[in-house]
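S.K.: Sharing a structure below in structure tokens format, with a few things to ask.
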Amino acid sequence: MANYCSSSSMVDLWLTTAAAARQHVCFHLIPRLSGVVPESCLLIVVGLLVGGLIKVIGEEPPVLDSQLFFLCLLPPIILDAGYFLPIRPFTENVGTILVFAVIGTLWNAFFVGGLLYALCQIESVGLTSVDLLACLLFGSIVSAVDPVAVLAVFEKIHINELVHILVFGESLLNDAVTVVLYNLFEEFSKVGTVTVLDVFLGVVCFFVVSLGGVLVGAIYGILAAFTSRFTSHTRVIEPLFVFLYSYMAYLSSEMFHLSGIMALIACGVVMRPYVEANISHKSYTTIKYFLKMWSSVSETLIFIFLGVSTVAGPHAWNWTFVIVTVILCLVSRVLGVIGLTFIINKFRIVRLTKKDQFIVAYGGLRGAIAFSLGYLLSSNHQKRNLFLTAIITVIFFTVFVQGMTIRPLVELLAVKRKKESKPSINQEIHTEFLDHLLTGVEGVRGHYGHYHWKEKVNRFNKIYVKRWLIAGENFMEPELIAFYRKMELKQAIMLVESGQLPSALPSTVSMQNIQARATPRLSKKREEEIRRILRSNLQNNKQRMCSFSYSRHTLFDADEEDNVSQVHLRKMERRVSMMKGRMSHYLTVPADRESPRPGVRRVRFESNNQVFSADSVPTAHFEQPSTPRTPDAVSLEEEVPKRRNLKADGGGPRGTVSDSNQGELNYQRLARCLSDPGPNKVENYPFMS
Amino acid sequence: MGASQSARTEHEFQDLADRTGFSLEQIGNLNKRFRQLSKNEETLSRQDLASISALDNNPLRAQIINAFFDKRNLRQNEAGTVQVIGFEEFLMVMSHFRPAAMHITEEEREKLRREKLRFLFNMHDTDSDGTITLEEYRRAVEELLSKAGTIGQETAKAIADAAMLEVASTTRGKMEPDEFYEGITFENFLQILKTFDIETRMHVRFLNMDTATMRCGK
């Protein structure tokens, strides 16, 4: 028991040190420095210090255990990257990314390995015992661009989306190549000879590893999506499913010697759209923050351990070998990028400029994966220490030198940066508009192109896949509407938090400025009356909700109720101002209302009626007839049956019905999104997100 | 017919290539497609375009077809539509979807942006009055969401309203309660889509492959 506790407390101590290091060193103690030096560098330095400290004490500093690394530290980072991978730029550039990942890494491995072998043949270096296969093995380890390092450095420089996705995508997808090359060369160097058949098998192996990994990931992703369809009763453990399935995908593929990283990416990418349509907003937030937290901690630990391992690890320093390795890595990367871009640009419409190429080449950082792979080499492998030293040197060079200088270089070369823009509904509308427009133009033009196939995939997705994987009626919802709802939700939440409408510039533009003034405007008095009625409505709702029984399975506690009601109130106020035009139809002279309006609005409203009157959906929450009511409060209960009679009735408080309808619509949207419904909730609000 | 027609065609094509910026091979391919769509006639009508099966599931089908017959897109500075278009007009409209060349100056890039955004603007501004009114925008969003079932119809209005509000807020800032925002002008349109990479996004691939039909006239 004592041992168990002590090892747990060791882990805890390391984690605390890591978190503290990140927090204090990076942000508090040396704030200015952290603007210049990327965090990864600082953390490695911390690791060096800690390692040095431990050595001074006389203890043996722990080395980054490869098993720990590959099983615990790497997956959260990759899952975080894969789950939040920006799909649109990724799929638009997937060809280029694959070329860089596969051919680029192969080129790097053989170039570095081959030339190093040539170097080792030179007598004066003193490494004639290193054979070709060992060199190639070393080349394959040190040639892969590392996602952790890339993420750490590129996070801060805000480079334009294209370059970012190229380097980042490459770092993720080259795992398959690295795995295959590493295993192949390790096998070969044990056997000693290579035949043509072996090479052919190697190629086959590559396809199996990469495609197999993707397939495993996709299967688990679909499983996760399918599971999330049924989790509406157990919302609290929704995030757990996401994490579990992803980790299972990683473990399964690693077990079969497939590419775990690609499995993890595939799993995250596949499950995300469906899971997000199914889970509650809180679960989504939980997933987001847990992923960020874990990946952050992992990253910190990795870099610190790198520093510690440098102090601890056995070293065999050979000046020539190490320096030539570093130079060769740089040279091969530059040559590879330039050469491949030359070929790729013939097939791309948006070509890669010289500046883009430079950043892609310069951003090819090596990191902890290379170190761990080197560490995994069996200890009686000749020259293991030499290799490890060289790997660490390359890592240090890329992370420190390249990592620190990339930001000034980006500014110096005036490379296009990421455009910081607020999510804009106009842009979203036009994105979707453009998609359909371009698909149509491709249809006119004749031969099937990029947009046509994309459209086909979307249709397949909508008709067949979404039906199975998304709960309720949501699968019909197009992206634009989902975006709009998310935006509204965000604004409502921001309202609660900041107490005012978020807007870049103070704007007093409201719906009345836009609506055509066909009907007389609402008088202030009327507006006040409506507000009063709405407010008292809200009070009633609050009272009713408070008397709900609290159970472990609802997260709908008192604070949330306040927030939600506040949001509701504010949203209602916004709705009031936004819907003045509409409301005036119902609030003016009763004569207007007698005659059925032929306009579209009435028709739409009718359809609303049909939707809600069919079931007692809106009132399910608020079934508390014994609650005392204020005299002029119009309860929501009353409104339900009366909605049917809307046409016949005249003015007065009925006018608020339309508003409350809209309000209920919003309220339920909010309720569904913001909270996990309690045991009395009614399933399946039609047409609600 | 034979030789003289091909000679004339080559000359025409060269002229068109200079004017629209397509290469000769691309024009050849597009000509083949034009002949295919127009059933070997000299002009293309709306029915010919409407018969393309690839457009069947497209929510913007009607607007796309209209765009081909809109005089504003044919580099003619007048409003209105034409009934039939010739190959030259076909090319004019298609040239809006050419990708940007690799090395273009800032000025040319801006010009390209304006051209492409003008095309989009014309698609929304159905009554050619130079502004996109709330009704026109609503209709555009409704068309866009027309394949999304009832839910599309309900939220289309709200989305269009929110979008209009956003434009008004960004371009006009403060407005008195009784001021009226007439509609989105082209300048406003440019402003709200400032960060939208239209010059890199609004393009389709035009193949450069040499086709046999270009030579068969000889």
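S.K.: Under 9 Å between Cβ atoms, which residue pairs at least 6 apart in sequence (or on different chains) link something in the range A:266-285 that is within 18 Å of A:Leu172 (Cα to Cα) with a partner that is of a type in the set (Asp, Glu)?
M.R.: Pairs that qualify, where the first residue is within 18 Å of A:Leu172 (Cα to Cα) and the partner is of a type in the set (Asp, Glu), are A:Gly268/A:Asp80.
S.K.: Find the residue count for the range A:423-444, including only residues that are in contact (Cβ under 8 Å) with a residue 60 or more places away in the chain and among the acidic types (Asp, Glu).
M.R.: Of the residues in that region, 0 qualify.
S.K.: Hey, does the range A:477-486 have a residue that's surrounded by 18 or more Cβ atoms within 10 Å (Cβ to Cβ), modelled with pLDDT under 65 and within 8 Å of chain B (Cβ to nearest Cβ)?
M.R.: Checked the range A:477-486: at least one residue is surrounded by 18 or more Cβ atoms within 10 Å (Cβ to Cβ), modelled with pLDDT under 65 and within 8 Å of chain B (Cβ to nearest Cβ).
S.K.: Restricting attention to the range B:10-44, which residues are touching a residue at least 12 places away in the same chain (Cβ under 8 Å), outside any helix (DSSP H, G or I) and either away from chain A (no Cβ under 14 Å) or surrounded by fewer than 16 Cβ atoms within 10 Å (Cβ to Cβ) (or both)?
M.R.: B:Gly21, B:Ser23, B:Glu42, B:Thr43
S.K.: Additional query: Taking the condition touching a residue at least 40 places away in the same chain (Cβ under 8 Å), assigned to a helix (DSSP H, G or I) and in contact with a Cys (Cβ under 6 Å, 6 or more places away or on another chain), does A:Ser246 pass?
M.R.: yes
S.K.: So, A:Leu434, is that one surrounded by fewer than 16 Cβ atoms within 10 Å (Cβ to Cβ), modelled with pLDDT of 85 or more and of a type in the set (A, V, I, L, M, F, W, C) or not?
M.R.: No.
S.K.: Right, another one. Keeping to the range B:157-168, report how many residues are buried (at least 20 other Cβ atoms within 10 Å of the Cβ) and either at pLDDT below 80 or touching a Lys or Arg at 6+ places or on another chain (Cβ under 7 Å) (or both).
M.R.: Residues that pass the stated criteria total 1.
S.K.: Mind checking which pairs have a first residue in the range A:187-214 that is loosely packed, with under 14 Cβ neighbours inside 10 Å and a second that is among the hydrophobic types (A, V, I, L, M, F, W, C) and part of a helix (DSSP H, G or I), Cβ under 8 Å, 6 or more apart or different chains?
M.R.: A:Gly192/A:Leu133
S.K.: How many of the residues making up the range A:421-472 are among the β-branched types (Val, Ile, Thr) and within 7 Å of chain B (Cβ to nearest Cβ)?
M.R.: Number of matching residues: 5.
S.K.: Got a sec? Which of A:Ser171, A:Ser124, A:Ser140 is of a type in the set (Ser, Thr, Tyr) and surrounded by fewer than 24 Cβ atoms within 10 Å (Cβ to Cβ)?
M.R.: Every option except A:Ser124 fails the conditions.
S.K.: Within the range A:261-270, identify whether any single residue is in contact with a Lys or Arg (Cβ under 8 Å, 6 or more places away or on another chain) and surrounded by 20 or more Cβ atoms within 10 Å (Cβ to Cβ), and answer yes or no.
M.R.: no
The values are calculated or read from the model by the stated rules, or taken from the named source; none is laboratory data. Note that this is a predicted model, so its numbers are computed, not measured. Positions of Cβ are generated from backbone atoms using ideal geometry, with glycine treated the same way; all protein chains shown enter the neighbour counts.
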